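Peer 1: A single structure is presented below for examination.
Quick note: the coordinates plus some simple rules give every number you see, no bench work behind them. Predicted model only: the values in this text are computed from it and were never measured. Cβ sites come from the backbone with ideal geometry, for glycine too, and all protein chains shown count toward neighbours.
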Amino acid sequence: MTSNERFHESPNHFMVLDAIARGMKNIGSISKVTKLPKEEVELVVNDLVNQKLVIKNIKRGFFGNKKIEFNVAETGERILNKKKQELYEKSERLQQLYQTGDKEQIQNFMDTNRIWIPMMLFSGIMNMLFFASMMSFMGMAMNPTESAMTEGQVDQAGATGEDGSSTDSGDMGTSEMDSGSDFGGFDGGGFGDF
């Protein structure tokens, strides 16, 4: 398999390319936002540089240290946008299938497209709450990559936990959750009378 073929079949390549397009300029920040190991990010970035989809810039730091930054080349931007459009159409199709409630067609879709779900979640093409809801509806477990992409996102929104159960802590409006001085109902009593 050539490097170019591997790129078009690799969601990790597109996630790294998207992270660089969003302004992540070094291996550490790319690894942090994509939740991919640094070693894998390094391999992917080197592959993208070799394909001339990413430009590697070496800058001198304040004390003469080398600072390596990455930017997306014009070709990389075009390929990324084309893939995002393709994935957006797939996401729309999945939402249509979910609305019909046809579990068999959803299962077929997931069997053929599941490898791209982390990229869809990372790029914001697919809503994380929708994905968690759909997985719960199907009775399917998230794989580790999908779980990493949704970690904290779904739970903070009060949708579903890993097991599909509700994690909503009540029907509190934003006015009740503000950071005012009422300390959420805690009166701090019992410490002042000695």
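Peer 1: Only Cα pairs under 8 Å and at least 6 apart count here; give the relative contact order of region 107-155 as a rounded whole percent. Could you put the intermediate results ahead of the total?
Peer 2: Working: 20 pairs, mean separation 20.8, N = 49.
It rounds to 42 percent for region 107-155.
Peer 1: Something else: I need the calculated FRET efficiency for the pair LYS66 and SER147, taking r as the beta carbon distance and R₀ as 45 Å, to the nearest 0.05.
Peer 2: Working: r = 36 Å, r/R0 = 0.80.
Efficiency, rounded to the nearest 0.05: 0.80.
Peer 1: Could you list which residues have their amide H under 5 Å from that of VAL54, counting only those 5 or more apart in sequence or on another chain, with H placed in the peptide plane?
Peer 2: HN-HN under 5 Å from VAL54: VAL49, ALA73.
Peer 1: Next up: Of LYS67/LYS90; LYS38/LYS59; LYS52/LYS103; LYS25/LYS82; LYS35/LYS59; LYS38/LYS83, which sit over 31 Å apart, Cα to Cα?
Peer 2: On the way: LYS67/LYS90 39 Å; LYS38/LYS59 21 Å; LYS52/LYS103 42 Å; LYS25/LYS82 22 Å; LYS35/LYS59 26 Å; LYS38/LYS83 24 Å.
In this structure, LYS67/LYS90; LYS52/LYS103 lie more than 31 Å apart at Cα.
Peer 1: I would also like to ask the following. Write out the trypsin sites (Lys or Arg not before Pro) in region 15-108 meeting two conditions: DSSP loop, and at most 14 other Cβ atoms within 10 Å of their Cβ.
Peer 2: Numbers: sites: ARG22, LYS25, LYS32, LYS35, LYS38, LYS52, LYS56, LYS59, ARG60, LYS66, LYS67, ARG78, LYS82, LYS83, LYS84, LYS90, ARG93, LYS103; in loops: ARG22, LYS25, LYS35, LYS52.
Answer by residue number: ARG22, LYS52.
Peer 1: With a point put 7 Å past each Cα toward its Cβ, work out how far ILE55 is from GLU40 in nm, to one decimal.
Peer 2: 2.9
Peer 1: What length, rounded to one decimal in nm, is gained on full extension from GLN107 through to PHE130, with 0.36 nm per residue of separation minus their alpha-carbon distance? List each step's numbers first, then the result.
Peer 2: Working: separation 23, 0.36 × 23 = 8.28 nm, distance 1.55 nm.
That works out to 6.7 nm of additional length.
Peer 1: Using the basic label-point model (7 angstrom from Cα toward the beta carbon), what is the MET140 to ASN81 distance in nanometres?
Peer 2: Placing both labels 7 Å along Cα→Cβ, they lie 3.1 nm apart.
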